[in-house]
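All remarks here apply to the structure that follows.
The values are calculated or read from the model by the stated rules, or taken from the named source; none is laboratory data. As the structure is a computational prediction, the values presented were derived from the model and not from experiment. Please note: Cβ atoms are built from the backbone with ideal geometry, for glycine as well, and neighbour counts cover all protein chains shown.
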Amino acid sequence: MLAVALSLVLMVLDHRFAHLQQLRSALAFVTYPLQVLADLPVTASLWLQEVTSSRSELLTQNEELRAQNLKLSAELQKFESLQAENIRLRNLLDASYKVGDRVLIAELSAVDLDPYKQQVVINKGAASGVYEGQAVLDADAVMGQIIQVTPFSSTVLLITDPSHSIPVQVLRSGLRTIAVGSGRVNALDLPYLPTNSDIREGDLLVTSGLGGKFPSGYPVARVTRVDRAPDNAFALISAEPAAHLDRSREVLVVWSVTPPSKPLDESDNEAPAAGQTSEAEATQDNTEDTQ
Amino acid sequence: MNARGWWMIALTFLVALLMMILPLPEWARPFRPQWVTLTLIYWCIALPHRVGVGTGFFLGILLDVLTGTLLGQHALGLSLVAFLAVQLHARIRVFPFWQQSLAILVLLIIEHLFALWVMGAIERRPPGLIYWVIPVIGALLWPWVFVTLRDVRRRFKVS
């Protein structure tokens, strides 16, 4: 009966306080080999696929990637000038805003966790500088945040987990709200919007950057259903995550460049301001050149 | 009591833990049987003087860390199941297979019930009726688990 009492105490501690994170991380170090072992068949088959892929396949793939790369760099040119313009305009408004986030590419481990929680394991951990609460993206949109870190792996809570909420903004109208996970892999709920709010089906939700966990401006989900019942104070809105939560294998772990909770002091403000003016000048030079 | 026996028991538990996180296709995920519980019950019945509540508790903590549930959720259920299995080991041992399966079903349901209570207490959305299919699958698998582990025990003379 000691065991029962002990597990009850552990559960209360784990649920209410964060002290047990260290114990959990220490134990996760013990269970890490098991995760590697479970992941092994998938990794091995991927490796085998790579090794045995034929030359023509590789050539086609290479060609496709080249084409994609060209397209992306063309888009990037536009993006860079837009970014410079954005920084210049924000400078005029005296708003502090730093663009540019550092990312780390990680791979999902093929490990099934508790089926009643939406979480995944990735193969980068504290050894790569990953920390708790960090945002995780895939190629398209926000996937979730890191909730547990061990030296070589970490656990990601997906945005669709019922215990997860993410501050979002409707891209079209600028309306801010909170998207709550629904427990299903293809749906988010927006429970806090009144019936008369400006939101439609097909609206894109992006991170608002409030709360400081997620960098702002990344796509999150697209609104799929807006149900305005006249007898209800709040509209029933659901959205579909833009990230491929159940399909992506490569994910990006993001370091937000602005530490949000601490007020910016002078020295912090100086450096980017200098960079921004030079970039702004550079763009001006560019425009002169084109003229 | 030989060191080799311990290794064998630990190995079966490791395999059971591994089977709890082995990737399954999406449709099969809700039906994953409670491998760890089945293995634990077997060892509790076969060697009640060596495997008991302590082992159950430790395994439960490992399983919690491994699957990312609340620390103690599986530990609670597994230590209770281990306690019951040790208490009832003399009876369950002499049952025929089908009767054993029924007894195991009850134990598996008890473990599931406690996990459900914990999930309810921390305000998670409770899983649907499919949740109760898992113990039935476990009970149907019991004869195979029993025979396999008994062979392992005899082959390696774990006692």
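A few notes on this one:
- Residue within segment B:43-50 that is aromatic (Phe, Trp, Tyr), within 23 Å of B:LEU140 (Cα to Cα), more than 13 Å from chain A (Cβ to nearest Cβ) and not in a loop (DSSP other than H, G, I, E, B) present: yes
- Single residue of B:ALA16, B:ALA82, B:ALA28 found to be more than 16 Å from the chain's Cα centre (by Cα) and either touching a residue at least 40 places away in the same chain (Cβ under 8 Å) or under 23 Å from B:VAL133 (Cβ atoms) (or both): B:ALA28
- Picking from residues in segment B:96-113 that are touching a residue at least 40 places away in the same chain (Cβ under 8 Å) and more than 14 Å from every other protein chain (Cβ to nearest Cβ), the one that is farthest from A:ALA5 (Cα to Cα) is B:PHE97.
- Within segment A:140-155, residues that are at negative phi reach partners that are surrounded by fewer than 22 Cβ atoms within 10 Å (Cβ to Cβ) and acidic (Asp, Glu) with beta carbons closer than 6 Å, at six or more positions or on different chains, in the pairs A:ILE146/A:GLU132; A:VAL149/A:GLU132.
- Residue under evaluation A:ILE178, criteria (1) in contact with a Ser or Thr (Cβ under 8 Å, 6 or more places away or on another chain); (2) closer than 16 Å to A:LEU157 by Cα, criterion not met: (2)
- The set of residues from segment A:191-214 being in contact with a Phe, Trp or Tyr (Cβ under 9 Å, 6 or more places away or on another chain) and either of a type in the set (A, V, I, L, M, F, W, C) or not in a loop (DSSP other than H, G, I, E, B) (or both) comprises A:LEU193, A:PRO194, A:VAL206, A:THR207.
- Close pairs (8 angstrom Cβ cut-off, 6 or more residues apart or separate chains): touching a residue at least 60 places away in the same chain (Cβ under 8 Å) in segment A:57-77, surrounded by 10 or more Cβ atoms within 10 Å (Cβ to Cβ) and in a helix (DSSP H, G or I) anywhere: none
- So A:LEU34, is it surrounded by 11 or more Cβ atoms within 10 Å (Cβ to Cβ) and at the interface with another protein chain (Cβ under 7 Å from one of its Cβ atoms): yes
- Qualifying residue in segment B:2-22 (condition: surrounded by 14 or more Cβ atoms within 10 Å (Cβ to Cβ), at negative phi and not in a helix (DSSP H, G or I)): yes
- Here B:ILE104, B:ILE134 are screened, and the one residue that is surrounded by 13 or more Cβ atoms within 10 Å (Cβ to Cβ), modelled with pLDDT of 85 or more, β-branched (Val, Ile, Thr) and farther than 11 Å from B:LEU38 by Cα is B:ILE134.
- Residue in segment A:101-117 that is under 16 Å from the mean Cα position of the chain (by Cα) and modelled with pLDDT under 80 present: yes
- A Cβ distance below 9 Å, combined with a sequence gap of six or more or placement on separate chains, defines the contacts here; from segment A:2-30, residues that are touching a residue at least 60 places away in the same chain (Cβ under 8 Å) and at negative phi reach residues that are part of a helix (DSSP H, G or I) and surrounded by fewer than 18 Cβ atoms within 10 Å (Cβ to Cβ) in the pairs A:SER25/A:ALA126.
- Among (1) at the interface with another protein chain (Cβ under 10 Å from one of its Cβ atoms); (2) more than 15 Å from the chain's Cα centre (by Cα), the one test that B:ARG91 misses: (1)
- Residue within segment A:4-21 that is at the interface with chain B (Cβ under 8 Å from one of its Cβ atoms), under 24 Å from A:ASN123 (Cβ atoms), out of contact with any Lys or Arg (no Cβ under 6 Å at 6 or more places or on another chain) and part of a helix (DSSP H, G or I) present: no
- Test: B:LEU116 is closer than 30 Å to A:ILE122 by Cβ, assigned to a helix (DSSP H, G or I) and either within 9 Å of chain A (Cβ to nearest Cβ) or not acidic (Asp, Glu) (or both): yes
- Test: residue in segment A:217-230 that is among the acidic types (Asp, Glu), part of a loop (DSSP other than H, G, I, E, B), free of Cβ contacts under 8 Å to residues at least 60 places away in the same chain and farther than 27 Å from A:ASP112 by Cβ: no
- A:VAL42 being surrounded by 12 or more Cβ atoms within 10 Å (Cβ to Cβ), in contact with a Ser or Thr (Cβ under 9 Å, 6 or more places away or on another chain) and within 10 Å of chain B (Cβ to nearest Cβ): yes
- Looking across segment A:174-190, the residues that are within 24 Å of A:ALA233 (Cβ to Cβ) and surrounded by fewer than 16 Cβ atoms within 10 Å (Cβ to Cβ) come down to A:GLY174, A:ARG176.
- Boolean, A:VAL136 is touching a residue at least 60 places away in the same chain (Cβ under 8 Å), more than 14 Å from every other protein chain (Cβ to nearest Cβ) and assigned to a strand (DSSP E or B): yes
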